[in-house]
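The values are calculated or read from the model by the stated rules, or taken from the named source; none is laboratory data. Predicted, not measured: the structure shown is a model, and the values here were computed from it. We place every Cβ from the backbone using ideal geometry, glycine too, and count neighbours over all the protein chains shown.
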Amino acid sequence: MDSVAVPPQFAQRTVRGTARCEGIGVHTGRWVSMTIRAGRPDTGIQFVRSDLPPGLGIIPARIELLAGVDRRLVLANVHGHTVQSVEHLLAALVACGVDNATVELDGPEVPTLDGSAREFVQMILRAGRAHQRRVRRFVVIERMIAVRRGDRRAALLPSDVPRATLSIEYAERGIDFQCISTALDEETLQRDIGDARCFGFLDEAGELRERGLALGASLLNTVVLDEGRAANPEGLRSPDELIRHKVLDCVGGLALAGAPIIGHVAAHKPGHALMTDLVKALQTHPAAWSFVRAGAAPLGGRNRLRPPG
């Protein structure tokens, strides 16, 4: 089937045109230009640092290349070159059903724009999406996979459709317990999740900057919380914006599996470390999932985590 015309509902997708933006990196504080171009079938999402010598700046979005989870996802290739803050863009590509794309950057960090995935989704949709002559593949969860870090916990559970049930609590900071249970289909991600901005606490700003983080953060791209309230003049975009942003980060982290996950992710106090632990756990629990071709039974080479194809 892969070598002939593929029914659109089963086909891998890439961007039809090019999508461009520029903006500041929320952690490096550097101005970065970014262009999303079509990717070849079966290649997944690849970052390319155009500010580096040819061939040295290619960084696939794969869990094996994870190099850091402190406030953002950092990927590093075999040459030691990195790209950081990839989670919102990866979530936007998932929300638009894009399997293969090349993301060119002239710096080390994806621009933060407004701190959500909304503008990324809009630019991808403007560029359009094209079907490719390859069948989509999925990681289908068949048995529970669970990870834990102290009082933080997460699990992937069997489900006919992608879903998320997440909860957070920051009682010591005046933020009540929040919980959300939502589908993770493209329409829901675009409509309900994509515009939720990243957030941080005012009393942490100095310490983060001393560590070289949040150098580009401002009220234009971050919800700044002070004693339980948003310091941003416009306030929150919705009462549950914080937990909805956790869903966005969750989707971006799970994208490092290299193929869409069909399952129910449930987590309490999720973060980048916990979500990437969950992706790593897929590799150590091969009996808990199958690698499945769209519209077909599980593949003969099941349980090998790899990019689509």
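Here are a few things to note about the model shown:
- Wholly enclosed strands (runs of 3 or more DSSP E) of the stretch 83-200 bearing at least 2 residues in the same structural domain as LEU282 (by TED's automatic domain parsing), of a type in the set (S, T, N, Q) and in contact (Cβ under 8 Å) with a residue 40 or more places away in the chain: 163-170, 175-183
- The test for being in contact with a helix residue (DSSP H, G or I) (Cβ under 8 Å, 6 or more places away or on another chain) and surrounded by 13 or more Cβ atoms within 10 Å (Cβ to Cβ) holds for GLN178.
- Complete set of residues in the stretch 247-258 that are modelled with pLDDT of 95 or more and either small (Gly, Ala, Ser) or over 16 Å from GLN84 (Cβ atoms) (or both): VAL247, LEU248, CYS250, VAL251, GLY252, GLY253, LEU254, ALA255, ALA257
- Scan of the stretch 3-59 for residues that are closer than 18 Å to GLY258 by Cβ and among the charged types (D, E, K, R), ordered by number: ARG13, ARG40, ASP42
- Residues of the stretch 40-72 satisfying the condition of being surrounded by fewer than 16 Cβ atoms within 10 Å (Cβ to Cβ) and small (Gly, Ala, Ser): SER50, GLY55, ALA67, GLY68
- Options LEU220, LEU208; residue that is in a helix (DSSP H, G or I), within 24 Å of the chain's Cα centre (by Cα) and closer than 14 Å to GLY29 by Cα: LEU208
- The one condition in (1) on the phi > 0 side of the Ramachandran plot; (2) over 20 Å from the mean Cα position of the chain (by Cα) that GLY115 fails to fulfil: (2)
- Matching residues, the stretch 81-95, being surrounded by fewer than 24 Cβ atoms within 10 Å (Cβ to Cβ) and more than 14 Å from LEU256 (Cβ to Cβ): HIS81, THR82
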